[in-house]
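Trainee: This is the structure I have questions about; it appears just below.
The values are calculated or read from the model by the stated rules, or taken from the named source; none is laboratory data. Since the model is a prediction, treat every value here as computed from it, not as a measurement. Please note: Cβ atoms are built from the backbone with ideal geometry, for glycine as well, and neighbour counts cover all protein chains shown. Only protein heavy atoms, including side chains, enter the accessible area calculation; ligands, DNA and RNA are left aside. Shrake-Rupley method; radii C 1.70, N 1.55, O 1.52, S 1.80 Å.
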Amino acid sequence: MKQIQPRQNYLGPGGWVWAGKYKLERYLYLLHRITGLGILLFLLIHLVMTTIFRIQGQDVWEATIALLHNPWFKIGEYLVAAAFVYHALNGLRLILQELGFAMGRPTPPIYPYKDSLRKKRPWTIALVAVIVILALVFFYDFIAGGW
Amino acid sequence: MRNTYLQFLQLVTGIFIAVLLGIHMVIMHLDAILGFFGVDVTEATSWESMIERAGQGVWAGLYIALLAFVLYHALNGLRGIILELAPSATTERIVTWVIIAFGIIAFIGGTYVPLALLAGQELS
Ligand code: HEM
């Protein structure tokens, strides 16, 4: 029997984005990772603002908030809100899936069979629809709330 | 085995964040929609509104808890992404400790200001 060599299937950084035939759920996972890192970047900026700037008192705080009303920051802020909605709801789906809740009964893999992810795909698509609707609600609020 | 526990905590912190950050996002962003339902939150980012919340122990506690959960979740997630490159054991240890050190510094920095504001409010 052929020995498996260490790191024989090592993909390097490319493995972050592509590791074979991807199904819908794998693309959602990629987006989960991107949104997670995006929110982390926001979190770091946000922490600087709410600590170093906030402790300097009202004037500095109001100047910071005024800066954030710049349209580019507003767009960034909306993207963070949308990323949060996606990451939160898809994350709750991942929690159910990884802990094996609500995945249905296991069935013997006799051809033609459906794996459990594919059985639940209609729900996954419904979840994506909910995410889109919520992202639109946040969008409405960004427009209606005044820039 | 150890990474299994870390990943489990990733899921648990995710649930806590969903609740706490959900509150935070609705207060900060959905003012127009809250107004529609008759809940009046005036300019959550104004100095007066911010200072009022900063003076209440409940808010300070919620934010500090959120900070702890979010730092664990995001930095553990980042560590997982980096370790997918399957580095040597030494590099893995360095990555882990740099991330832990960063998390502790961010937590101390992020806790100090809310506590200082809370204390300042009680004095004045
Ligand atoms: C709203 C509540 C949240 C929930 C329910 C949630 C859920 C999850 C779950 C279940 C995972 C693990 C995915 C897996 O390993 O299969 C995850 C990963 C991650 N999360 Fe969150 N999360 C939330 C908020 C956040 C926030 C606020 C941040 C950033 C500040 C964040 C950053 C990350 C990162 C960087 C990862 C690693 C992604 C990866 O390994 O591909 N998450 N999240």
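Trainee: What tally of residues in the range B:3-21 results from selecting those that are touching a His at 6+ places or on another chain (Cβ under 8 Å) and more than 6 Å from the ligand (Cβ to nearest atom)? Steps first, please.
Mentor: Step one: of the range B:3-21, the residues touching a His at 6+ places or on another chain (Cβ under 8 Å) are B:10, B:13-14, B:17.
After this cut, where a residue has to be more than 6 Å from the ligand (Cβ to nearest atom) as well, the list is B:13.
Counting residues in the range B:3-21 that are touching a His at 6+ places or on another chain (Cβ under 8 Å) and more than 6 Å from the ligand (Cβ to nearest atom) gives 1.
Trainee: Counting only residues that are open to solvent by less than 50 Å² (accessible area, probe 1.4 Å), give me the helices (runs of 4 or more DSSP H) lying completely in the range A:28-133 with at least 2 of them. Talk me through it step by step, then tell me what you get.
Mentor: Values: elements: A:58-68, A:71-99, A:116-119.
Helices (runs of 4 or more DSSP H) meeting the threshold: A:58-68, A:71-99.
Trainee: If you scan the range B:44-97, which residues turn out to be within 16 Å of the ligand (Cβ to nearest atom), of a type in the set (A, V, I, L, M) and away from chain A (no Cβ under 11 Å)?
Mentor: B:62, B:64, B:65, B:68, B:83, B:95
Trainee: Have a look at B:113, B:98 and point out the one that is among the hydrophobic types (A, V, I, L, M, F, W, C), in a helix (DSSP H, G or I) and open to solvent by less than 20 Å² (accessible area, probe 1.4 Å).
Mentor: That would be B:113, the only listed residue that is among the hydrophobic types (A, V, I, L, M, F, W, C), in a helix (DSSP H, G or I) and open to solvent by less than 20 Å² (accessible area, probe 1.4 Å).
Trainee: Still on this structure: So residue A:90 ticks every box in (1) more than 9 Å from the ligand (Cβ to nearest atom); (2) within 14 Å of chain B (Cβ to nearest Cβ); (3) farther than 30 Å from residue B:55 by Cβ but one. Which box is left unticked?
Mentor: Going through the list (1) more than 9 Å from the ligand (Cβ to nearest atom); (2) within 14 Å of chain B (Cβ to nearest Cβ); (3) farther than 30 Å from residue B:55 by Cβ, residue A:90 breaks only (1).
Trainee: Another question, then. From the residues in the range A:28-43 that are more than 7 Å from the ligand (Cβ to nearest atom) and more than 18 Å from residue A:76 (Cα to Cα), which one is nearest to the other protein chains (Cβ to nearest Cβ)?
Mentor: Taking the candidates together, the pick is A:30.
Trainee: For the range B:1-72, give me every one of the helices (runs of 4 or more DSSP H) that falls completely inside it and has 3 or more residues that are at pLDDT below 90, in contact with a Phe, Trp or Tyr (Cβ under 8 Å, 6 or more places away or on another chain) and more than 16 Å from residue A:43 (Cα to Cα).
Mentor: Details: elements: B:2-29, B:31-36, B:47-54.
The helices (runs of 4 or more DSSP H) meeting that bar are B:47-54.
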